[in-house]
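See structure below.
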Amino acid sequence: MSQFFQIHPDNPQQRLIDKAVEIINGGGVIVYPTDSGYALGCHLGDKAAMERIRSIRQVDAKHNFTLVCRDLSEIALYAKVENNVYRLIKNHTPGPYTFILKATKEVPRRLQNPKRKTIGLRVPDNRIAQALLETLGKPLMSSTLILPGDDMPLTDPYDIRDTLEHHLELVIDGGYCGFEPTTVVEFTDDAPVVVRQGLGAVDMLLDL
C-alpha cells in the first residue's frame with residue numbers, strides 16, 4: 001500500500017522531500033505534481049520501476065518516457081543541443097514544455113526512441129518537483145498519469161491513492177496542478193516541429 005505525503009506547494013517540507021527521494025532511490029514508483037498535472041516517476045536507472053510504470057499505463061516498449069530535469073545543465077548532459085536551440089529552450093524553462101532532442105550517450109538505450117535516438121526532456125515550473133529533483137541530484141524518469149481507457153490524466157491525489165495504492169510506493173499531494181499536458185516540440189531537424197499543442201504557447205518556439 002502506498003504512502004501519502006501532503007507537501008506544501010509553495011514551501012515543500014524538506015523532511016518529506018528527503019523521504020520521497022529515499023523511496024525513489026529504493027526502487028519505488030511515485031506520483032508527484034508538475035506544472036501540467038500529476039506524473040508517474042521513478043529512478044533514471046531503475047529498469048524494474050520503469051516496467052512497473054509501463055504496466056500501470058498499459059503501454060508497450062515503444063512508449064516514450066520523459067526525463068524531468070532540474071535545469072538546463074542537465075538537459076545539456078542528456079541531449080545534444082545546438083546554440084540557437086539552447087537559447088530558445090532557456091527562454092522557456094522552467095515551464096510546461098517537453099523538448100524532443102537527440103540523446104547523448106548518458107541516456108540509457110531503453111529510454112531512447114529506437115529509430116531516431118531521441119529523448120524527451122523538460123524542466124517543470126513546480127516547487128515540489130524542483131525540490132525532488134534538487135535532492136535526488138538527477139532527472140526523474142517520468143510519464144503522464146493517464147490510465148488505460150482514459151483521455152485525461154488523473155488530477156485528484158485522493159482519487160489517485162484510491163485507484164493506485166497497491167501499485168505505487170508514494171502519492172504526493174501537492175494540491176491542484178491542472179490537467180492540460182505539456183506542449184511537445186521536436187528539435188531534431190532543421191526546423192522545430194510542434195508534436196503536440198498543450199499548455200505552453202508555441203509562437204516564440206518556432207522562431208528559429
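Rule-based calculations on the coordinates, nothing more; no lab input. Remember, predicted model here, so these are calculated numbers, not experimental data. Here the Cβ positions follow ideal geometry from the backbone for every residue, glycine too, while neighbour counts run over all protein chains shown.
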Calculated from backbone phi, Karplus (6.51, -1.76, 1.60) coupling profile of region 70-78 in Hz, x at Gly/Pro: 7, 6, 5, 5, 6, 4, 5, 6, 9
Point-to-point label distance, Arg196-Asp10, nm (Cα→Cβ direction, 7 Å offset): 3.1
Sequence-distant residues sharing a close amide H with Val195 (under 5 Å, placed H): Val184, Val185, Glu186
Size of charge dipole - the chain - debye, nearest 20, with Cβ of Lys, Arg +1 and Asp, Glu -1, no other charges: 940
Using a Förster distance of 22 Å, the FRET efficiency for Leu147-Lys19 (Cβ separation, nearest 0.05): 0.30
The chain: translational diffusion in µm²/s, Stokes-Einstein, Kirkwood Rh over Cα pairs, 4 °C, 1.567 mPa s: 76
Whole-Hz couplings from phi, Karplus 6.51/-1.76/1.60, listed for region 43-51; x for Gly and Pro: 5, 4, x, 9, 5, 5, 5, 4, 5
Sequence ranges 151-159, 36-44, 101-109, ranked by mean other-Cβ count within 10 angstrom, highest first: 36-44, 101-109, 151-159
J(HN,Hα) series, region 149-166, from Karplus relation 6.51 cos²θ - 1.76 cosθ + 1.60, nearest Hz, glycine and proline x: x, 9, 9, 10, x, 5, 10, 9, x, 6, 5, 4, 4, 5, 7, 10, 4, 8
Inter-label distance, nm, simple model (7 Å from Cα along the C-beta direction), Arg116/Ser55: 3.0
Cα-centre dipole for region 105-207 with unit charges at Cβ (Lys and Arg positive, Asp and Glu negative), debye to 20: 720
